[in-house]
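Taking it in order: structure first as structure tokens, then the write-up.
Values quoted throughout were computed directly from the atomic coordinates according to the rules given, and no laboratory measurement underlies them. None of the values given here were measured: they were computed from a predicted structure. Here the Cβ positions follow ideal geometry from the backbone for every residue, glycine too, while neighbour counts run over all protein chains shown.
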């Protein structure tokens, strides 16, 4: 994957300022600088974008098309920079040009593609799908003005168009090669095909050309870029010269006006029939275009339309895109000649529905006259779906006409879109646990009782990357220092902050937090790790000794740490409070000292003496690293910044290696077989990298114990091995194998079972 070169990136910004505006950096205004920086960022993203979709095609992955009337994306530039792996280089490049990145980001208008929670949820879904590496398209409308911008004039609110595109959108790419036709009105004629089969043909219709614009959705530092595809409407015949010459100026631009109105605003006023008609046109416009293109894309690489559900899913975000159910049926039957039952089975396995409201009056309905007039073929299909579904209801609940009234898709002169979505989908989800339960037990109870397998819950959420990492970087840094950075891609880790919550234990936790640092400084840090992360293997007396040495008055432990609790209770510590997950103990220092001196006959070891600490110097090393080597052969990588570690190998692997930039760490299990020929070949392979090697062994290198060849190699000075660490010795000591290479021994004694190796720069 292409890496960001800071100097090249700066030149790109300068070039875009020159090419786009015929100016220098110093002459350009802030909006022009925003455009130049955005185009430079997009240049870098495009390579990842193309690579992502190439990978999807090669692996033939399943793709979700997230259909939504709204995508409240927010400003794109800052979010993209945060998500890119080269975000540091981008920020530095901008600053070195003398520019303020915060000021530049502020020049970007909010994309007027959404309005509220529905749109923000959709935007966060796209961000999350990219970060998780799922193949996905967001599909919506390229609104010219969104809803409106609010202004106060003469003490009154007035609404004005939100002209967010007046300076252009640097992140979008127009894709006219993927344009499709969308038809409205007319009538459906039945014709015979070459095989004598009935063929439904829409005639005397009006149509527009749906043209997609693609915007990148960048995953968090994983080189994945998905697509938000928003559709613009263009006239198929832009200008009728004949009508114009005859003086019928309205007729001359009729097609262009039809196209223009579809994408002007989000949620046009529907208090009148013209507004209702425009809304329905909008919904069918983007749904038909998206489904048509998705089917065409699938058929480019597949030859069986009957298996489309295996590679395509249409996620209906609320009822607005519900016509996708009937549109997919239309394509399967009218274009691919499938019979009804086969097409219906495929459709039900391809569509999924997200419900956003518990109010029956808010579930979208369309007047029958409007729906049938504007979408005649779609209405025919919906009518047949409704007829067959009513038969299913009557079969399941004979004589219960109330069920038909409550569940029918077409009833009382209306087409009920939520009912169509439920019947035509394999999954129906609410957006909160309570919401889903209300749907199941109240508003959609009849549907739940008839098809319970469809109903599930997906709780709404917003991405922590935009609203914490980008929105509040100081707070994000504090969180990372406390619990690590896993929360950035897995928000469940944020639960680790629970110990810092305000409750009855907060005083004691603060006291503990302030004093525990005494046990995590210098040579003591690994001991704190042993207590907190490896309770089952920790010596109770060791823990108590640390509490005394560090003069800790309070300690918090998790309830499941039974060994720690037993040691504390047995050592005279007093429980002073608890939460759902933690217990706070007061440490009785005098009692502990007395108990420990008695156990060790007044000669018990200090915390620093219980485990050895060894330094190893690497020439040119700039970043220090620490490792924990245990008596059972386990090797851990220790993170000094957050006081935690992760297991590199558990001691059972025959050969393990990891490169740390300037040096290599190798762990070998030579307990039973010694240094075999196979292991020697692997060591030689690492040696060819010509970097210092730190070697960890289950058994020391001893002459006559299947180690001779490696010892000869080290003693002859032909090896890059700089230090050897070995467990299973009778005592802890350190010997020199050569003038420069030492072998450090660790015992398998319970009280002396850890070695802290600190790699430092020379």
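Please arrange 435, 53 by counting, for each residue, the other beta carbons lying within 10 Å of its beta carbon, fewest first.
By the 10 Å Cβ count, ascending: 53, 435.
Expressed in nm to one decimal, what extension gain is obtained for the pair residue 442 and residue 370 from 0.36 nm per residue of sequence separation less their Cα-Cα distance?
Once the chain is fully extended between residue 442 and residue 370, it gains 23.0 nm.
Apply 1/(1 + (r/R0)^6) to the Cβ-Cβ distance of residue 414 and residue 31, taking R0 = 56 Å, and write down the FRET efficiency to the nearest 0.05.
Approximately 0.75, to the nearest 0.05.
Can you work out the FRET efficiency for the pair residue 672 and residue 478, with r the C-beta to C-beta distance and R0 = 45 Å, to the nearest 0.05?
For residue 672 and residue 478, the calculated efficiency is 0.40.
Just to verify a number: FRET efficiency for residue 261 and residue 388, C-beta to C-beta distance, R0 = 56 Å, to 0.05?
For R0 = 56 Å, the calculated efficiency reads 0.95.
Can you tell me, using C-alpha contacts under 8 Å and at least 6 residues apart, the relative contact order of region 288-374 as a whole percent?
34 percent
Order by neighbour count: 347, 63, 52, fewest other Cβ atoms within 10 Å first, most last.
Fewest-to-most Cβ neighbours within 10 Å comes out as 63, 52, 347.
For each of 73, 273, 333, count neighbouring Cβ atoms within 10 Å of the residue's Cβ, then give the residues from fewest to most.
Fewest-to-most Cβ neighbours within 10 Å comes out as 273, 333, 73.
Would you mind putting 684-696, 395-407 in packing order, based on average other-beta-carbon counts within 10 Å, highest first?
Highest-to-lowest ranking by the protection proxy: 684-696, 395-407.
Could you check the spin-label model distance between residue 637 and residue 92? Points 7 Å from the Cα along Cα→Cβ, value in nm.
Label-label distance for residue 637 and residue 92, simple model: 2.2 nm.
How much length is gained if the chain between residue 397 and residue 190 is pulled fully straight, taking 0.36 nm per residue apart and subtracting their Cα-Cα distance, in nm to one decimal?
Contour length minus the Cα-Cα distance gives 71.0 nm.
At what distance in nm do the modelled label points of residue 708 and residue 467 sit from each other, each positioned 7 Å from its Cα along Cα→Cβ?
Label-label distance for residue 708 and residue 467, simple model: 6.9 nm.
Which order do peptides 150-161, 13-24, 437-448 fall in by mean Cβ count within 10 Å, highest first?
437-448, 13-24, 150-161
Between residue 458 and residue 19, what is the label-to-label distance in nm when each label sits 7 Å out along the Cα-to-Cβ direction?
Label-label distance for residue 458 and residue 19, simple model: 3.9 nm.
Packing-wise, with mean Cβ within 10 Å as the measure, how do 279-290, 260-271 rank, highest first?
Final packing ranking: 279-290, 260-271.
What is the gain in length, in nm to one decimal, between residue 167 and residue 11 on full extension, counting 0.36 nm per residue of separation less the C-alpha to C-alpha distance?
Answer, rounded to one decimal: 53.9 nm.
Sequence gap at least 6, Cα distance under 8 Å: using those rules, report the relative contact order of region 612-761 to the nearest whole percent.
Result for region 612-761 is 32 percent.
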